[in-house]
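What follows is a single structure, written as structure tokens, with notes after it.
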Amino acid sequence: MNLFGMKTSHPEPHPQDDPRYPVRKSDAEWRAQLDAMQYQVARRAATERPFTGRFWDHWSEGAYRCIGCGQALFESEAKFDAGCGWPSWWKELEPGRIERLVDDSLGMRRVEVRCAQCGTHLGHVFDDGPEPSGERFCINSAAIDFSPKT
């Protein structure tokens, strides 16, 4: 179970290159595909500095996709300004696209979120978001891309 008491398919931490992910690439392939910041965030679970990512103050209509595999993760309709300096959403596009894992790093317990298709580290989800979900998905801009609504 995760911190919200919800059952998850992989509740315990596991590597981002775990064979359970349907989309798998070698480290060399990830490095060729991603720029330096994207690689550190997506594959090494780094965090970009607040108010520096390209999507924290981005409000166009469309879908936000995983930088690793292109899977749509969030829609603009669920995006909100949490005041934290990272793009935030109150819900994922649909259940199953985002994996939740317990993260005990930095001396605290949090819930890490990853793309369920490729294991890309996206950020964390917190229980201080707006209704109706009460959740705040706090996501690194370096881990996502944007597709405008057509």
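For residues that are part of a loop (DSSP other than H, G, I, E, B) and of a type in the set (S, T, N, Q), scanning just the range 15-71, find the one that is farthest from Val111 (Cα to Cα).
Step one: of the range 15-71, the residues part of a loop (DSSP other than H, G, I, E, B) are 15-26, 34-35, 45-61, 67-71.
From what's left, of a type in the set (S, T, N, Q): 16, 26, 47, 52, 60, 71.
Numbers: Gln16: 15, Ser26: 26, Thr47: 14, Thr52: 22, Ser60: 27, Gln71: 20 Å.
The qualifying residue farthest from Val111 (Cα to Cα) is Ser60.
Please state which one of Ser141, Ser147, Ser133 is among the hydroxyl-bearing types (Ser, Thr, Tyr), touching a Gly at 6+ places or on another chain (Cβ under 9 Å) and surrounded by fewer than 20 Cβ atoms within 10 Å (Cβ to Cβ). Give the steps one after another, and end with the answer.
Working: Ser141 fails: surrounded by fewer than 20 Cβ atoms within 10 Å (Cβ to Cβ); Ser133 fails: touching a Gly at 6+ places or on another chain (Cβ under 9 Å).
Sole residue among the options that is among the hydroxyl-bearing types (Ser, Thr, Tyr), touching a Gly at 6+ places or on another chain (Cβ under 9 Å) and surrounded by fewer than 20 Cβ atoms within 10 Å (Cβ to Cβ): Ser147.
Considering every residue within the range 105-128, establish whether at least one is farther than 16 Å from Ala42 by Cβ, among the aliphatic types (A, V, I, L, M), at pLDDT below 95 and crowded, with 16+ Cβ neighbours inside 10 Å. Don't jump to the end; show me each part of the working.
Applying the first criterion (farther than 16 Å from Ala42 by Cβ) to the range 105-128 yields 105-111, 125-128.
With among the aliphatic types (A, V, I, L, M) added as a condition, the list becomes 106, 108, 111, 125.
Those still in the list that are at pLDDT below 95 too: 106, 108, 111.
If we keep only those that are crowded, with 16+ Cβ neighbours inside 10 Å too, we end up with 111.
Checking the range 105-128: at least one residue is farther than 16 Å from Ala42 by Cβ, among the aliphatic types (A, V, I, L, M), at pLDDT below 95 and crowded, with 16+ Cβ neighbours inside 10 Å.
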Exercise for the section: Looking only at the range 17-60, count how many residues are modelled with pLDDT of 95 or more, surrounded by fewer than 15 Cβ atoms within 10 Å (Cβ to Cβ) and hydroxyl-bearing (Ser, Thr, Tyr). Expected result: 2
Practice task
Please find, within the range 70-94, the residue that is nearest to Cys138 (Cα to Cα) out of those that are open to solvent by 60 Å² or more (accessible area, probe 1.4 Å) and of a type in the set (Asp, Glu).
Solution key: Asp81
Problem - Test: residue in the range 122-136 that is closer than 20 Å to Pro15 by Cα and out of contact with any Lys or Arg (no Cβ under 7 Å at 6 or more places or on another chain) - result: yes
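Just for strands (runs of 3 or more DSSP E) wholly inside the range 95-150: which have at least 2 residues that are under 18 Å from Gln16 (Cβ atoms) and among the aliphatic types (A, V, I, L, M)? Even if it seems obvious, please write down each step before you answer.
On the way: elements: 98-103, 110-115, 121-126, 136-139, 144-148.
So the answer is 98-103, 110-115, 121-126.
The values are calculated or read from the model by the stated rules, or taken from the named source; none is laboratory data. Computed from a prediction, not measured in an experiment: that's the story for all the values here. Methodologically, a virtual Cβ is constructed for each residue, glycine included, from the backbone with ideal geometry; neighbour enumeration extends over all protein chains shown. Surface areas here come from the heavy atoms of the whole protein model, side chains and all, with no ligands, DNA or RNA. Shrake-Rupley method; radii C 1.70, N 1.55, O 1.52, S 1.80 Å.
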